[in-house]
Each structure stands twice: as C-alpha cells, then as structure tokens.
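Notes for the one structure printed next.
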C-alpha cells in the first residue's frame with residue numbers, strides 16, 4: 001500500500017460491546033466511502049488520552065460518543081484531542097454523536113464548547129438532540145451539522161457473514177437484556193434502586209411465562225451487567241442466560257437469535273432494529289427517548305415511572321404480532337452520506353504527516369501473552385497468545401505461579417484484580433490465596449477465556465515457538481525459596497521435551513537470591529532481572545539504586561533487565577547503556593511512550609497497542 005490516507009477512528013473501548021458495534025459500523029461505512037482509494041483505519045481508545053497519534057494521521061473521526069459532562073469524561077478527552085488536531089491542522093469529524101445538556105456555569109461544558117468550535121472541526125452528525133447542539137454548543141458557521149441514525153443500524157450488513165447460517169424458522173424466544181444495578185442511579189434516577197429493578201425484571205419474566213413466551217437473559221458484555229443478570233437468574237430460580245459475548249460479532253449474532261428483545265441497553269435495541277427484530281426499552285437516558293421517536297415507535301420506550309411489566313410485555317407482544325418497524329434504506333443512508341461528504345472533501349494525505357522507521361516488531365513484547373482487542377488484559381490465555389501472534393508480536397511474556405497444590409499455572413498473580421477477573425468474590429479481603437488446580441481450571445478470565453496450566457501452554461505453544469525465532473519471557477514473581485525450587489523443577493521437566501529453543505527462552509526474576517538460585521539449579525535459560533525500586537524513591541537515590549542493580553546484572557552476566565515504565569526516562573536509558581544491559585520496559589498503553597522506549601533501544605512491553613498497529617501508524 002503506497003502512502004495511504006490514515007484515519008484515526010476514535011471509539012469507546014470497554015466491555016459494553018454495544019460501543020464496539022457502533023465503531024465497527026462506522027469502520028465499515030468508511031471502507032465504503034474510500035472504495036478503492038488506499039487508506040488505513042486506526043482504532044483509538046478515547047480514554048487512552050494518547051494524543052501523540054494525531055501527528056501520524058490525516059484525519060480524525062469520532063465514532064459515536066457524547067457531548068456531556070456527566071459520568072464518562074468526554075468533556076476531558078474530546079477537547080485535548082481536538083486541540084492537538086487543530087495545532088497540527090488535522091481535520092475532524094464527529095459521526096452520529098450523542099448530545100446532552102449544556103451548562104453555561106460549568107467550566108467543563110464551557111471548555112467542551114470552545115473546543116468544538118475550533119477550525120479543525122469540519123462536521124458533526126447527530127443521532128439525537130440536534131437542537132441543543134445548534135443552540136448551545138456550535139457557534140462556528142463553517143461546521144456542517146446533520147441529523148442521522150446511529151451507525152449500528154447498519155449492523156445487519158456489517159455482520160452479514162456471521163449471520164449467514166441463522167435459522168429463518170427460529171423458535172419463539174424473547175431476549176431479556178439486563179443492565180448493571182447502578183445504571184439508573186448514575187443517570188439521575190436514584191429511585192430505581194436495585195430492589196426496584198429486581199422486582200421489575202421478575203415481573204417481566206412472570207408476564208412472559210404467563211403468556212407462554214420463552215425467554216433468555218442476556219447482556220452486552222459489561223461486567224456489572226453480567227453480575228446483575230446472574231442475580232436476576234438466581235432470583236427466578238430457573239431459566240437460562242446467554243454466555244457473555246466475547247466480541248461485537250458475538251453480541252450481534254446472539255441478538256439475532258431472539259424473536260424480540262426487552263432490553264435496557266440502547267444498542268441492544270438498535271441492533272434488534274437493524275435485524276428487523278422488535279424491541280421494548282426503558283428510558284434511563286434521553287438518548288433512548290430520542291431513539292424511540294426516530295424510528296417511529298415512541299410507545300415502545302417507557303419512562304422509569306412507567307415500568308409496568310404487564311403493559312410493557314403487552315407492547316412487545318403487539319410488536320410481534322405484525323407491528324414491527326424495519327429500517328428503511330433511506331434512513332440508513334444518512335450516516336453514510338455524512339461520512340462520505342467529509343471523506344471526499346477533507347481526507348487527503350497531509351504533506352507534513354510524520355513518519356518514522358523503528359524496529360517495532362523486533363522489540364515489542366506482549367505482556368501476559370498480550371491484551372485482547374484493547375479490552376481484556378492479563379489473561380495469560382491461548383486466546384491472548386493467538387491474538388498477539390495475529391497482530392505481529394514476536395516477543396511474549398507469560399506469568400507463572402503455583403496453585404495451592406503446587407501445580408505451575410499461567411496466571412498474573414494471586415491478587416484482588418485476578419480474583420475479579422475470574423469473577424470470584426473479593427469482599428474486603430486483603431490477602432488472596434492461591435487457588436487449587438481444580439478451582440483454577442473451573443474459572444475463566446472475563447467469563448470468556450479458559451485458564452491453562454503451564455503444561456497445557458507448552459503443549460499448545462511449543463510448535464509455535466520452536467524454530468520460529470519468537471522469544472518468551474517467563475515471569476515467576478516473588479516465590480518463597482521452597483516454591484521457587486518446585487517451579488524450577490516443573491519448568492525443567494516441561495521444557496526439556498518441548499520444541500522451544502533455549503536461546504529464545506528467558507526467566508524473569510525480581511530478587512538477587514532468585515537469580516542466583518536459578519543459576520545454581522542449572523536451568524538452561526537466560527535471565528531477565530526485574531528492577532523494582534522502593535516506593536517514593538528520590539530521583540538521586542533512584543538513579544543510584546538502578547545503577548547498583550545493573551552492576552549486579554553485569555556481574556552475573558545478565559544481559560536483560562526489566563523496569564516499569566514509570567521509572568524509565570532518558571536518564572535511566574543512559575544508565576542501562578553505560579552498564580551494557582538492554583532494558584525491557586513494562587507496561588505501555590500509549591504509543592508515544594512505546595516509541596520513546598524503542599528510540600532509546602529498549603524492548604517495550606505492552607498489552608494495548610500491538611506491533612502491527614504501531615508499525616502501520618508511524619510508517
């Protein structure tokens with residue numbers, strides 16, 4: 001591809017996969033807009049605040065999001081990105097943005113408004129309150145404003161391949177979409193308590209069963225939604241809940257299997273609409289009210305003081321009886337036309353766009369085998385390894401710990417975050433003991449990704465690493481002397497018959513005594529020494545501490561030393577160079593910091609941006 005147009009597609013990345021559906025649809029429409037023109041789309045997480053990427057692209061497009069000051073920090077993320085785009089002369093477009101109230105006495109609203117009127121902003125398409133946008137936000141007459149549907153109305157087309165084998169004669173099944181317990185309170189409805197919601201959902205299910213309408217609980221993937229759905233199912237005492245969708249494709253496919261949808265989340269309703277499936281929703285936020293009016297079905301969306309299960313289920317039954325509204329081609333075209341107008345007028349290769357040549361693939365490391373789609377990190381799973389392989393990683397880090405019955409398994413550490421990732425209760429606990437092997441094998445990371453023992457990893461990964469030139473760092477944390485002995489024995493037993501080349505294997509340790517123990521054990525594997533400065537170390541003392549640890553590495557002939565990114569800067573880089581030790585810096589979530597590390601000659605470990613992304617961005 002020769003000098004393509006580069007688009008930074010700004011999206012909300014989280015476990016609520018409705019936001020992913022929106023950005024997938026915008027990406028699809030952008031492909032249509034460009035046709036055969038060479039282009040690349042970079043998926044940017046709005047909360048990353050990684051504005052350094054702007055100088056490498058030709059245009060910025062916001063896929064959804066909301067102009068508001070409540071809850072999420074859009075009021076912070078949007079202005080700082082716009083100011084950088086304006087400084088560099090990069091054109092910006094907002095696709096199907098949501099609009100909420102403007103508060104003239106709130107500095108955050110004022111700052112957002114000022115940024116939205118910068119010259120770099122060329123157009124805004126709005127999915128809901130266009131009147132508020134025109135009246136309260138936009139003063140720049142050169143900004144083109146249009147009213148459009150949410151891009152997710154295109155999802156039947158976007159996910160057509162995944163929907164190909166859908167059963168056209170599917171049996172009646174009502175999807176009941178549950179949202180997290182605090183959603184209503186967070187959006188100004190404290191009266192809709194958890195108890196009120198539980199009573200409501202139980203009432204809905206009772207009404208469905210009274211009418212002999214089979215049902216299934218589901219969510220858009222958010223962890224809080226999943227927890228609430230579990231409680232609802234437990235309270236009902238019978239029935240089924242769909243597994244948490246792993247990605248946006250699974251969410252759309254899951255909803256396509258329902259005959260109708262009764263859902264709290266907006267994008268569950270929009271996906272259903274795109275697929276020609278009737279839905280009924282609850283207005284916890286004005287965007288659902290606007291959506292109901294936009295599709296000509298305001299009666300299907302109920303205010304929080306109208307949450308009557310009998311009435312709402314009857315409304316759903318009416319929709320099933322031939323009153324379903326289907327999206328028209330003309331209405332779907334609106335969001336595409338607005339994007340196409342921006343692409344044709346403003347999306348050209350900038351003559352001053354920056355580019356660099358750096359050894360990205362050779363020096364980036366996938367932490368905990370890598371993150372999955374910028375959402376799920378520290379899984380140490382097969383899925384993470386495969387995702388990282390598919391996105392250009394050649395260097396990997398794998399975390400290893402012992403179970404309570406002393407079996408070596410792939411897990412970051414026994415910690416509160418790990419328990420939460422495994423969906424285990426945490427309460428007010430401070431100490432989190434190791435799970436037994438059986439307990440470990442019975443959980444999944446993020447309810448999606450099965451755990452694995454080190455034996456399972458070697459069986460799976462050995463052919464992938466043997467003779468490939470890929471490198472693997474095994475991190476063992478801070479085990480006791482007895483635990484380290486057990487770990488080293490199991491490592492030796494597993495690796496001796498594997499296809500992995502010892503030259504491409506490294507063991508990361510955190511203490512001098514552990515490094516010495518590994519050498520004494522005769523394990524044929526190179527060491528990476530992890531330098532962990534004491535907390536609140538003064539700058540001069542920090543340099544002295546790192547210099548002392550590097551001297552130990554030199555004495556022990558350890559050629560790689562690891563360090564957390566918070567301690568790595570130009571001065572630290574000089575210390576590594578003086579000692580002749582190569583730095584491996586953990587863990588980056590911003591491209592500019594990754595690039596700084598690579599420029600200094602370090603290995604940059606990340607779970608967020610992969611080598612293919614970084615390489616394509618800066619080339």
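No value in this document is a laboratory result; all are computed from the given coordinates. These numbers come from a predicted model, not from an experiment. Cβ atoms come from the backbone with ideal geometry, glycine included; neighbour counts cover every protein chain shown.
A compact table of results
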{"quantity": "D_trans [Stokes-Einstein, Kirkwood Rh over alpha-carbon pairs] for the chain, 25 °C, 0.890 mPa s, µm² s⁻¹", "calculated": "92"}
{"quantity": "Distance (nanometres) between label positions extended 7 Å along Cα→Cβ at residue 348 and residue 320", "calculated": "5.6"}
{"quantity": "The stretch 1-143 shape via C-alpha gyration tensor axes, a/c threshold 1.5", "calculated": "prolate"}
{"quantity": "Rel. contact order, % - alpha carbon contacts under 8 angstrom, at least six apart, the stretch 57-215", "calculated": "18"}
{"quantity": "Theoretical FRET efficiency, 1/(1+(r/R0)^6), r = Cβ-Cβ of residue 49 and residue 512, R0 45 Å, to 0.05", "calculated": "0.75"}
{"quantity": "Inter-label distance for residue 306 and residue 519, nm, one decimal - labels placed 7 Å from Cα along Cα-to-Cβ", "calculated": "7.5"}
{"quantity": "Cβ-derived FRET efficiency at R0 60 Å, residue 32 paired with residue 483, nearest 0.05", "calculated": "0.60"}
{"quantity": "Rounded FRET efficiency, nearest 0.05, which uses the C-beta distance separating residue 259 from residue 161 and R0 of 25 Å", "calculated": "0.65"}
{"quantity": "Part-to-part distance (alpha-carbon centres) for the stretch 354-421 and the stretch 107-186, which is given in Å", "calculated": "33"}
{"quantity": "The stretch 162-323 - convex hull of alpha carbons, volume per residue in Å³", "calculated": "107"}
{"quantity": "The stretch 285-407: relative contact order as a whole-number percent, Cα under 8 Å and 6+ apart", "calculated": "16"}
{"quantity": "The chain: angle of helix 481-496 to the longest principal axis, Cα-based, in degrees nearest 10", "calculated": "80"}
{"quantity": "For the stretch 265-320, the Rg and Dmax computed from alpha carbons only, in angstrom", "calculated": "10.3, 29"}
{"quantity": "The chain: relative contact order in percent, alpha carbon pairs under 8 Å with at least 6 residues between", "calculated": "12"}
{"quantity": "Cα centroid of the stretch 1-39 to Cα centroid of the stretch 194-265, whole Å", "calculated": "30"}
{"quantity": "Mean Cβ neighbour count within 10 Å, used as a protection proxy, ranking 139-146, 249-256 highest first", "calculated": "249-256, 139-146"}
{"quantity": "Distance (nanometres) between label positions extended 7 Å along Cα→Cβ at residue 182 and residue 406", "calculated": "4.3"}
{"quantity": "Extension gain from residue 462 to residue 240, taking 0.36 nm per residue of separation minus the Cα-Cα distance", "calculated": "76.1 nm"}
{"quantity": "16 Å reach of a label modelled at residue 547, 7 Å along Cα-to-Cβ, counting backbone N of the stretch 577-594", "calculated": "577-581"}
{"quantity": "For the chain, calculated [θ]222 nm from helices alone, where every DSSP H run of n ≥ 4 adds -39500 (n - 2.57)", "calculated": "-11500 deg cm²/dmol"}
